[in-house]
1. Residues of the stretch 13-34 being in contact (Cβ under 8 Å) with a residue 24 or more places away in the chain, over 15 Å from SER74 (Cα atoms) and open to solvent by less than 60 Å² (accessible area, probe 1.4 Å), which ones?
2. Hey, among ALA10, ALA55, which residue is at pLDDT 90 or above, open to solvent by less than 40 Å² (accessible area, probe 1.4 Å), in a helix (DSSP H, G or I) and touching a helix residue (DSSP H, G or I) at 6+ places or on another chain (Cβ under 6 Å)?
3. Could you grab the pairs with beta carbons closer than 6 Å, sequence gap of 6+ or different chains, first residue in the stretch 56-79 and farther than 16 Å from ALA10 by Cα and among the aromatic types (Phe, Trp, Tyr), second one part of a helix (DSSP H, G or I) and open to solvent by 90 Å² or more (accessible area, probe 1.4 Å)?
4. Quick check on the stretch 70-77. Is at least one of its residues touching an Asp or Glu at 6+ places or on another chain (Cβ under 8 Å), open to solvent by less than 50 Å² (accessible area, probe 1.4 Å) and under 25 Å from ALA5 (Cα atoms)?
Amino acid sequence: KAPAAHPHYAEMVAAAVTSLKERGGSSRSAILKYILKNFNVGAEEKKINAHLKLALKAGVAKGTLKQTKGTGASGSFKM
């Protein structure tokens, strides 16, 4: 299997949250738009969204992301 043409989703989420610089945290939809625009992940938005949800949940569980609003993969996220 060939390696992906993009970094891990956790790294892409971190890059999105830091570059968006939203005071209250960045929403999942804003993070998704940033990833689609700046990384070569393909055009299948549903598949990308599923991976993004998992990355957000894992980031909150590990403590690398802080959820400012919402539960699960919804709401806003900060570093």
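1. ALA14 - this is the single residue of the stretch 13-34 that is in contact (Cβ under 8 Å) with a residue 24 or more places away in the chain, over 15 Å from SER74 (Cα atoms) and open to solvent by less than 60 Å² (accessible area, probe 1.4 Å).
2. After applying the criteria, what remains is ALA55.
3. Every condition considered, no pair remains.
4. No, every residue in the stretch 70-77 fails to be touching an Asp or Glu at 6+ places or on another chain (Cβ under 8 Å), open to solvent by less than 50 Å² (accessible area, probe 1.4 Å) and under 25 Å from ALA5 (Cα atoms).
The values are calculated or read from the model by the stated rules, or taken from the named source; none is laboratory data. Predicted model only: the values in this text are computed from it and were never measured. Positions of Cβ are generated from backbone atoms using ideal geometry, with glycine treated the same way; all protein chains shown enter the neighbour counts. Only protein heavy atoms, including side chains, enter the accessible area calculation; ligands, DNA and RNA are left aside. Shrake-Rupley method; radii C 1.70, N 1.55, O 1.52, S 1.80 Å.
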